[in-house]
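**Q** The structure that follows is given in the form of structure tokens.
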């Protein structure tokens, strides 16, 4: 089996999703990963936009060969909450959009995920979900044995040391579908979580965006435009020096885990409908006595991460 990570990104593009997907295309071109497919879920915007955006992003990278699948239109047990106030009505504010040339596959994303994992070698495929976890949860519920094909799940979601970005206690991805998040945490797969605790330390500052603009390709400027539009909301909300690169952090963690610091802990997600809905319960000091089920990321070498991100974007058209 190849040492190059075999990666499927489950996504709800979304501006920082777009940056993460383009990063993955760049890493694929550099032979750092083998990007197998994109599976789309409703989240930042409804599914009709997320699947279209994913295909537009494939066009930007001149990768219309990559399969794109549409999945869940809503969370498992609640109405869909979107984030148009952050990402814009279509999900990709800040750049000109077009009708995608990349085709949409007919199969449901959850079925694709399950069948791909069932057919794969044991412990061979890395899943990088950077939106709500509905598609993964459906795949694991429908075909529990498919978990055997998972090498690792690198999740962008959760928060412990940082305040939530959709409620005081919860990040967006876990809050949108907390039941799905808990199902994935209970799956028995190897899990690495990249929460707001880390992504709020990886900021698209003006200096870093200028490095993207200075790249001699179209996508460097495009990513800078996307991140500039996206960063306004978080900069205003949290007083940060630039928008957090949430989703690109998860892609980097899947390929270069040494850029991050982790602790093995037990994590649960509140599935109630109270004030802590979607909140991450992280047993940092082992008080529960429960077996750890995830590696929780708490620090990042942000300069090395952004250099890596920029190198990946530089490899694109």
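Only the coordinates and a few stated rules stand behind these numbers; no lab work does. From a predicted model like this one, the values you see are computed outputs, not experimental measurements. Note that we place each Cβ from the backbone using ideal geometry, even for glycine, and neighbour counts take in every protein chain shown.
**Q** Please sort 169-175, 284-290 by packing, taking for each peptide the average over its residues of neighbouring beta carbons within 10 angstrom, highest first.
**A** Values: 169-175: 26.7, 284-290: 10.0.
Ranked by mean Cβ neighbours within 10 Å, highest first: 169-175, 284-290.
**Q** Hey, another quick one. Label segment 1-118 by shape, choosing from rounded, prolate and oblate, from the square roots a ≥ b ≥ c of the eigenvalues of the Cα gyration tensor; if a/c is under 1.5 it is rounded, and otherwise prolate applies when a/b is larger than b/c, oblate when it is not.
**A** Oblate shape, in that a/c is at least 1.5 and b/c is the bigger or equal ratio.
**Q** Let me ask another. Return the percentage of antiparallel bridges among DSSP beta bridges fully within segment 6-314, rounded to the nearest 5 %.
**A** Values: 11 of 34 bridges.
Of the beta bridges lying entirely in segment 6-314, close to 30 percent run antiparallel.
**Q** Relative to the present Cα-Cα distance, how much length would full extension add between residue 105 and residue 210 at 0.36 nm per residue of separation?
**A** Computed gain between residue 105 and residue 210 is 34.2 nm.
**Q** Can you tell me what percent of all Cα-Cα pairs in the chain are more than 26 Å apart? Could you put the intermediate results ahead of the total?
**A** Numbers: 19350 of 50086 pairs.
Percentage above 26 Å: 39.
**Q** While we're here: Return 122, 62 ranked ascending by Cβ neighbour count within 10 Å, so the fewest neighbours appear first.
**A** The most exposed by this proxy come first: 122, 62.
**Q** Using the count of nearby Cβ atoms within 10 Å as a rough guide to exposure, how do 111, 56 rank from fewest to most?
**A** Working: 111 16, 56 21.
Arranged by neighbour count, lowest to highest, 111, 56 become 111, 56.
**Q** Which stretch or stretches of segment 134-167 have amide N atoms under 16 Å from the point lying 7 Å from residue 264's Cα along the Cα→Cβ direction?
**A** The answer is 152-153, whose backbone nitrogens lie closer than 16 Å to the label point.
**Q** Sticking with this structure for a sec: Please report how far the C-alpha centroid of segment 29-93 lies from that of segment 132-173, rounded to the nearest whole angstrom.
**A** 16
**Q** Gain in length, residue 95 to residue 65, computed as 0.36 nm per residue apart minus the alpha-carbon separation, to one decimal in nm?
**A** 8.5 nm
**Q** Per DSSP helix of 4 or more residues, -39500 (n - 2.57); summed, then divided by the residues of the chain. What does that give at 222 nm, rounded to the nearest 500?
**A** Value at 222 nm, helices only, nearest 500: -11500 deg cm²/dmol.
**Q** Going by C-beta contacts inside 10 Å, put 187, 272, 261 in order with the fewest on the left.
**A** Ascending number of Cβ neighbours within 10 Å: 272, 261, 187.
**Q** Quick one: if you stick a label point 7 Å off each Cα along the C-beta vector at residue 288 and residue 30, how many nm between them?
**A** My value for the distance between the label points is 3.6 nm.
**Q** Can you give the FRET efficiency for residue 167 and residue 141, using 1/(1 + (r/R0)^6), R0 = 45 Å, r = Cβ-Cβ distance, to the nearest 0.05?
**A** Step by step, r from the Cβ atoms, then E = 0.95.
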